[in-house]
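What follows is a short report on a single structure.
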Amino acid sequence: MSFKVYINGTLYDKENAKVSVYDHGLLYGDGVFEGIRVYHGKVFRLKEHIDRLYDSARAIWLEIPLSREEMIRAVEETVKANEKRDGYIRLIVTRGPGTLGLDPRKCEPQVVIIVDDISLYPRELYDNGLEIITAATIRNHPAALNPRIKSLNYLNNILAKIEAIRGGCLEALMLNHKGEVAECTGDNVFVVKHGELRTTPLDAGILEGVTRNAVIELANKAGVPFREMTMTRHDIFTADELFLTGTAAEIIPVVKCDGRPIGAGKPGPVTKRLRELFQELVKG
């Protein structure tokens, strides 16, 4: 069965789903998006994703042509039309087609919903752990383009991803303009030190991840000590455990950074426990 793509209220076969080459989302990366998971036929934390989408849109003065309730229905109906039990949703709102200039006033925003599959990392790395490097490309300065805005302009992340690939890795750690740990190209960062779970605060220049927040909730319920704290590469190199979180990545352990083994050089007990709790959560 061909996947069905939602564009402005109409479902199209994947092969016939098209947008204008004059869309400012294509021309300038002018728009916002969300990546969302479907588990066992249910959309995971859809309200949180929708809230973040509308926050991102508001931050860039983009008027979404649907109410939040209408958007939720559109997502659920697109998932149902694709008969997806487990999969990935890419929800996109572009500025829409307009002129070749930057002026957005002549554009008419459009909504695109894609339901498909995604595999960010090979499955064996979830058991054995991922190796990463630190990218020379820093995270966007929050006074320029705040990383809390999940915009269609991912060039910053892509440049760091290219560095990782050229360095023989699949992921890269990104620092902020102060030289502090921010996040990876597509994931939030967690470390474990002396049994305490730690992650970077929002003002470090990161996206407020939905999976990040879910992991924090799970740690609190499981009695794992937790705090947000500013971190440097020293905290990464000396961590007992390191793992990444994201909608596409879920929870994946990191066992080496810049050639240095993390802890024992294998996924640690806190990481494994949180992965188990997360799998139980999404099954529910």
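The values are calculated or read from the model by the stated rules, or taken from the named source; none is laboratory data. Note that this is a predicted model, so its numbers are computed, not measured. In this analysis, Cβ positions are derived from the backbone assuming ideal geometry, glycine residues included, and neighbour counts consider all displayed protein chains. For accessibility, only protein heavy atoms count, side chains too; no ligands or nucleic acids. Shrake-Rupley method; radii C 1.70, N 1.55, O 1.52, S 1.80 Å.
Summary table below
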{"item": "Count of residues meeting criterion [among the polar types (S, T, N, Q) and in contact with a strand residue (DSSP E or B) (Cβ under 9 Å, 6 or more places away or on another chain)] in region 84-118", "result": "2"}
{"item": "Residue among PHE33, PHE3 that is touching a strand residue (DSSP E or B) at 6+ places or on another chain (Cβ under 9 Å) and either open to solvent by less than 40 Å² (accessible area, probe 1.4 Å) or not hydrophobic (A, V, I, L, M, F, W, C) (or both)", "result": "PHE33"}
{"item": "Sole residue being touching a Phe, Trp or Tyr at 6+ places or on another chain (Cβ under 6 Å) and surrounded by fewer than 20 Cβ atoms within 10 Å (Cβ to Cβ), chosen from ILE118, ILE113", "result": "ILE118"}
{"item": "Residue list for region 9-30, filter: touching a strand residue (DSSP E or B) at 6+ places or on another chain (Cβ under 7 Å), surrounded by fewer than 16 Cβ atoms within 10 Å (Cβ to Cβ) and within 29 Å of PRO147 (Cβ to Cβ)", "result": "SER20, TYR22, GLY29"}
{"item": "First in region 219-237 and in a helix (DSSP H, G or I), second anywhere and among the basic types (Lys, Arg) and open to solvent by 50 Å² or more (accessible area, probe 1.4 Å), Cβ under 6 Å, 6 or more apart", "result": "PHE237/ARG260"}
{"item": "Condition check for ILE133: buried (at least 16 other Cβ atoms within 10 Å of the Cβ), more than 22 Å from ASN8 (Cα to Cα) and touching a Cys at 6+ places or on another chain (Cβ under 9 Å)", "result": "yes"}
{"item": "Test: residue in region 130-151 that is over 28 Å from HIS234 (Cβ atoms) and in contact with an Asp or Glu (Cβ under 7 Å, 6 or more places away or on another chain)", "result": "yes"}
{"item": "Qualifying residue in region 122-138 (condition: under 16 Å from the mean Cα position of the chain (by Cα), of a type in the set (A, V, I, L, M) and closer than 25 Å to ALA249 by Cβ)", "result": "no"}
{"item": "Boolean, ALA143 is part of a loop (DSSP other than H, G, I, E, B) and hydrophobic (A, V, I, L, M, F, W, C)", "result": "yes"}
{"item": "Residues being touching a residue at least 40 places away in the same chain (Cβ under 8 Å), out of contact with any helix residue (DSSP H, G or I) (no Cβ under 7 Å at 6 or more places or on another chain) and surrounded by 14 or more Cβ atoms within 10 Å (Cβ to Cβ) - total across region 154-172", "result": "1"}
{"item": "Single residue of LYS106, LYS84, LYS80 found to be within 29 Å of VAL282 (Cβ to Cβ) and at pLDDT below 95", "result": "LYS84"}
{"item": "In region 256-284, residue nearest to the chain's Cα centre (by Cα) [restricted to those that are under 19 Å from ARG123 (Cβ atoms), crowded, with 23+ Cβ neighbours inside 10 Å and of a type outside the set (Ser, Thr, Tyr)]", "result": "LEU274"}
{"item": "Qualifying positions in region 188-205 - in a strand (DSSP E or B), within 16 Å of the chain's Cα centre (by Cα) and not polar (S, T, N, Q)", "result": "VAL189, PHE190"}
{"item": "Meets criteria (modelled with pLDDT of 95 or more, open to solvent by 60 Å² or more (accessible area, probe 1.4 Å) and of a type in the set (Val, Ile, Thr)) for THR247", "result": "no"}
{"item": "Hey, VAL43 under 19 Å from THR211 (Cβ atoms) and open to solvent by 20 Å² or more (accessible area, probe 1.4 Å) or not", "result": "yes"}
